[in-house]
Amino acid sequence: MTIRGLIFAAFLLPSFVHSNTTNPVPRYFTMASEPLIRIGLATNASSATITSGDSGLVAVSPDEPSKMLATTRVTVSARAYRPPEVENYRVEFQNLPTQNDANELAKDIREATGESAIVSIDATTNTWKVWVGTVKAVETDADELKAKLAEKGFDDAVTVVEKKTVVSPDAVALSQQLKTAGASEVRSLIKPTGSTAVASTGIVDPNLREVIVNTPVAESNFRSLKSVAFGSLNERANPVRLNGKAYRGKIEVFVNSRGSLTVVNVVPLEEYLLGVVPAELGLPQLEAQKAQAVAARTYAIANIGGYGKQGFDMVPTVWSQVYKGVSIETKMGTQAVRETRGVVASYNGKPITAYYTSTCGGRTENSENIFDHAEPYLRGVECSLEGRRHFDPFFIRTNRIAPKLRDDGNLELFRFASILGANGYHVSDQRFDDRWFEDPPTDAELSNWLTALASKFGKSFPLVEKNVSRPTELARIVASFVYSPGYADTMLVESDINYNLAFDDAGEIPRERRAEIALLLRDGYFSLNPDLTFRPNMPFSRARVLRLFRKIYEKKKWMPEMQTATAGTSVDGKLMIRNGKSERPMVLRPDVFLFREFGGTMYPVREVALLGGEKLNYQVDALGAVKYLEVEPTETPTTAERMSPWTIWNKSASAGAVQSRLSRYVRGIGTLYDINVKKVGYSRRPVELEIIGSNGIKTLKGGKIRSALRLPEQLFVMNKRYSGSTVSSYTFTGRGWGHGVGMCQYGAFGLAKMGVKYDEIIKHYYSNVDVARAY
């Protein structure tokens with residue numbers, strides 16, 4: 001029988017539900033009711049102070065009525081068992097000189113009172129005495145007997161007090177329990193499962209220790225060989241406190257095999273979870289905390305009796321689950337627990353071992369590669385949703401049609417055209433392609449562009465005639481913007497003009513335009529075709545016009561200034577801007593010019609996912625809405641866990657330090673020469689290391705690798721620094737924090753932010769499990 005079975009009544013066994021036996025469906029784990037969970041808060045305490053804000057504490061021990069203590073504070077310790085002393089009272093007549101005198105007196109007493117009277121000799125004084133009546137447990141009974149005798153004329157009676165040690169039935173029962181407890185470390189009397197009977201041989205173990213309860217109120221002090229649990233009258237409103245820290249449920253104390261105290265918080269599972277969920281996952285997303293509640297509840301049920309020989313189920317640390325009692329409880333955590341009450345993840349009808357890890361590094365790992373036991377539901381998975389779905393919640397979009405371009409030059413021109421379009425120039429909303437750039441602009445387009453350019457120069461609007469896209473006509477208008485009237489004809493003589501028009505078809509340029517075109521070529525506004533021709537009678541294409549405008553803007557330093565910012569995580573198509581640790585939304589125009597960088601080049605796009613951390617270059621309109629936006633992608637991971645501070649880390653250590661660390665896990669290395677990754681798991685975590693030393697080749701496997709190397713996670717690559725042919729140091733670059741198996745807590749947070757519900761989060765990280773209410 002396990003210690004847990006002894007301490008409390010038999011735990012209600014789970015059952016498995018099937019729809020039928022011939023065509024089985026997924027089986028669901030069920031329990032008759034919510035279980036109590038036992039958390040070992042201390043395992044070697046010399047004393048414990050237990051308090052309550054209630055009107056008093058209540059003490060409970062097996063097979064005993066509750067003790068209402070008239071105090072709100074007790075101090076509990078342990079000491080060697082001291083059998084209680086019992087006082088008995090006997091009425092005698094003493095110092096009778098002869099046996100005949102004693103016999104005569106005894107006869108008279110029996111006849112007069114009806115009480116028994118026994119004659120015996122007092123060996124100490126060598127006189128005789130008469131013992132009257134039975135032994136009395138209290139002195140008042142003896143006094144009543146003496147008074148009765150005196151009424152009959154027997155005045156010389158005396159009361160004799162006898163003290164003796166009486167071994168309690170509890171001591172006998174505890175001694176018997178310790179003989180049959182096997183590996184149990186519990187040394188206090190506990191209730192046998194299913195029975196209140198105590199087997200007794202009468203033999204007492206000489207090493208028994210008892211629980212001592214001291215209070216400020218003497219009447220409330222007591223000692224016990226049994227475990228003692230303390231609670232408040234109203235545990236919900238006034239939880240009991242251990243050394244000042246509040247816990248729901250009761251605080252149980254018993255003696256352990258070291259002779260010190262073990263202190264256990266005995267608490268209903270749902271109330272236990274109130275102190276686990278915020279401690280394990282305090283990130284502000286309800287669905288993530290609900291997933292954490294299901295994982296923690298499942299883990300707790302699966303680990304009932306995990307520390308059975310020590311008298312409890314789990315510890316309040318990372319060795320089980322972090323549990324901080326009432327002080328850590330939060331509104332969201334409580335809501336998560338309440339809304340998932342009784343919900344458990346199971347596989348084939350059994351609660352799973354629901355491991356979880358802080359930050360998985362982008363992929364979780366198969367359990368056998370870390371913990372040496374394979375579980376079909378603990379398979380490695382990506383810490384993200386499949387394909388495009390992972391980014392759907394983060395897209396911002398424009399209603400502009402993305403261009404279809406093959407010419408690299410046109411790509412940059414489209415970017416410039418978009419900047420112009422965001423700043424007062426008319427840019428068509430049709431689909432752009434290379435043909436659009438090759439064709440000349442329409443008179444309406446060019447008229448709009450030149451009018452906008454005139455405004456930049458502070459000139460009057462030009463008279464735009466037909467065929468304005470011809471180079472000679474365009475030269476006239478641009479020269480009137482750039483130069484003072486008559487500047488070209490005055491400042492350039494014929495030789496200057498001929499010098500700057502030294503190309504094949506210069507003769508086709510009308511004389512009245514030669515000076516203007518020569519000046520525009522000299523100053524870098526106009527340019528020739530690749531075949532060294534100007535083609536003065538052929539209209540400029542849109543591409544040449546845009547290049548002309550770009551040169552003007554660059555020379556005049558008119559390129560619009562962009563505001564810069566760091567993107568927050570987009571929510572429901574809204575653009576979010578980071579401002580310190582907070583984020584603020586910005587209005588995004590439906591027709592925003594939208595670009596995303598790929599390989600150092602900006603490309604027009606219809607949509608872009610903003611996960612947070614991207615660099616933004618943007619312009620706003622008069623109302624503050626974003627009209628032009630360029631996005632430079634973040635270099636940080638894009639997985640659901642990306643908000644974790646442990647997504648990327650670096651750790652370095654000298655070869656000597658690495659050897660020292662490894663030697664604690666691998667014996668007989670000798671002098672360390674090298675380390676190599678021999679095998680990796682699903683997630684690319686090293687799961688087997690080859691350790692080369694002067695004593696040969698050793699191996700290290702599984703989760704011990706991370707522990708031995710003292711790394712945050714096991715997902716890493718190694719870079720070795722050499723001194724000659726010898727490795728002098730190692731640098732480990734890795735991702736994540738924790739063991740990497742099961743649910744990724746930061747990943748759950750990220751998925752919840754994307755709108756994923758808690759049951760889908762559970763099923764994402766735990767393969768092929770059922771999520772259902774167990775009680």
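Being open to solvent by less than 70 Å² (accessible area, probe 1.4 Å), touching a strand residue (DSSP E or B) at 6+ places or on another chain (Cβ under 7 Å) and either farther than 21 Å from Asn100 by Cα or not β-branched (Val, Ile, Thr) (or both) is the requirement here; does Thr159 meet it? Here the answer is yes, as Thr159 does meet what is asked. Only one entry in Gly693, Gly703, Gly624 is in contact (Cβ under 8 Å) with a residue 12 or more places away in the chain and in contact with a His (Cβ under 7 Å, 6 or more places away or on another chain), namely Gly703.
Sort through Arg685, Arg642, Arg667 and tell me the only one that's open to solvent by 20 Å² or more (accessible area, probe 1.4 Å) and in contact with a helix residue (DSSP H, G or I) (Cβ under 8 Å, 6 or more places away or on another chain). After ruling out the rest, the residue left standing is Arg642. For Thr634, indicate whether it is under 30 Å from Phe394 (Cα atoms) and open to solvent by 60 Å² or more (accessible area, probe 1.4 Å). No, not satisfied.
Quick check on the stretch 386-394. Is at least one of its residues over 21 Å from Ile517 (Cα atoms), modelled with pLDDT under 95 and touching a Ser or Thr at 6+ places or on another chain (Cβ under 7 Å)? Looking through the stretch 386-394, at least one residue is over 21 Å from Ile517 (Cα atoms), modelled with pLDDT under 95 and touching a Ser or Thr at 6+ places or on another chain (Cβ under 7 Å). Checking the stretch 46-62 against the condition returns a match, with at least one residue being within 31 Å of the chain's Cα centre (by Cα), at pLDDT 55 or above, closer than 23 Å to Tyr307 by Cα and open to solvent by less than 30 Å² (accessible area, probe 1.4 Å).
Looking at the stretch 336-360 only, could you name the residues that are among the β-branched types (Val, Ile, Thr) and open to solvent by less than 30 Å² (accessible area, probe 1.4 Å)? Those that are among the β-branched types (Val, Ile, Thr) and open to solvent by less than 30 Å² (accessible area, probe 1.4 Å): Val337, Thr340, Val343, Val344, Ile352, Thr357, Thr359. For the stretch 541-563, give me each residue that is within 28 Å of Ala625 (Cα to Cα) and either among the acidic types (Asp, Glu) or open to solvent by 90 Å² or more (accessible area, probe 1.4 Å) (or both). Correct list: Glu554, Lys557, Glu561.
Restrict the check to the stretch 140-148 and report whether at least one residue is touching a helix residue (DSSP H, G or I) at 6+ places or on another chain (Cβ under 9 Å) and not in a helix (DSSP H, G or I). Scanning the stretch 140-148 turns up no residue that is touching a helix residue (DSSP H, G or I) at 6+ places or on another chain (Cβ under 9 Å) and not in a helix (DSSP H, G or I). Among the candidates Arg110, Arg79, the residue that is within 30 Å of Pro239 (Cβ to Cβ) and not in a loop (DSSP other than H, G, I, E, B) is uniquely Arg79. Of all residues in the stretch 595-617, those satisfying the criterion of being over 15 Å from Thr566 (Cβ atoms) and free of Cβ contacts under 8 Å to residues at least 60 places away in the same chain are Arg596, Phe598, Gly599, Gly600. Being in contact with a Lys or Arg (Cβ under 6 Å, 6 or more places away or on another chain), among the aliphatic types (A, V, I, L, M) and either part of a loop (DSSP other than H, G, I, E, B) or closer than 30 Å to Val240 by Cα (or both) is a property that does not hold for Ala354.
Residues that are farther than 24 Å from Gly750 by Cβ, part of a loop (DSSP other than H, G, I, E, B) and at pLDDT 95 or above do not occur anywhere in the stretch 645-661.
Within the stretch 482-495, being open to solvent by 80 Å² or more (accessible area, probe 1.4 Å) and in contact (Cβ under 8 Å) with a residue 60 or more places away in the chain holds for no residue. When Ala302, Ala354, Ala374, Ala345 are checked against the criterion of being modelled with pLDDT of 95 or more, of a type outside the set (Val, Ile, Thr) and within 14 Å of the chain's Cα centre (by Cα), Ala354 stands alone in meeting it. Of the helices (runs of 4 or more DSSP H) lying entirely inside the stretch 379-481, the ones with 1 or more residues being open to solvent by less than 10 Å² (accessible area, probe 1.4 Å) and farther than 30 Å from Gly613 by Cα are found at 434-438, 443-457.
Just one of the listed residues (Val167, Val132, Val91, Val119) is part of a loop (DSSP other than H, G, I, E, B) and in contact (Cβ under 8 Å) with a residue 12 or more places away in the chain, namely Val167. Consider the stretch 607-625 and keep the residues that are in a strand (DSSP E or B) and out of contact with any Lys or Arg (no Cβ under 6 Å at 6 or more places or on another chain). The one that is surrounded by the fewest Cβ atoms within 10 Å (Cβ to Cβ) is Lys615.
Just to be sure before I move on: is Asp505 among the acidic types (Asp, Glu) and either in contact with a strand residue (DSSP E or B) (Cβ under 8 Å, 6 or more places away or on another chain) or open to solvent by less than 40 Å² (accessible area, probe 1.4 Å) (or both) in the structure I sent?
The answer is yes for Asp505.
The values are calculated or read from the model by the stated rules, or taken from the named source; none is laboratory data. Values in this document were obtained by computation on a predicted structure and should not be read as measured data. Note: ideal-geometry Cβ built from the backbone for every residue, glycine included; neighbour counts use all protein chains shown. Heavy atoms of the whole protein, side chains included, go into the accessibility calculation; ligands, DNA and RNA do not. Shrake-Rupley method; radii C 1.70, N 1.55, O 1.52, S 1.80 Å.
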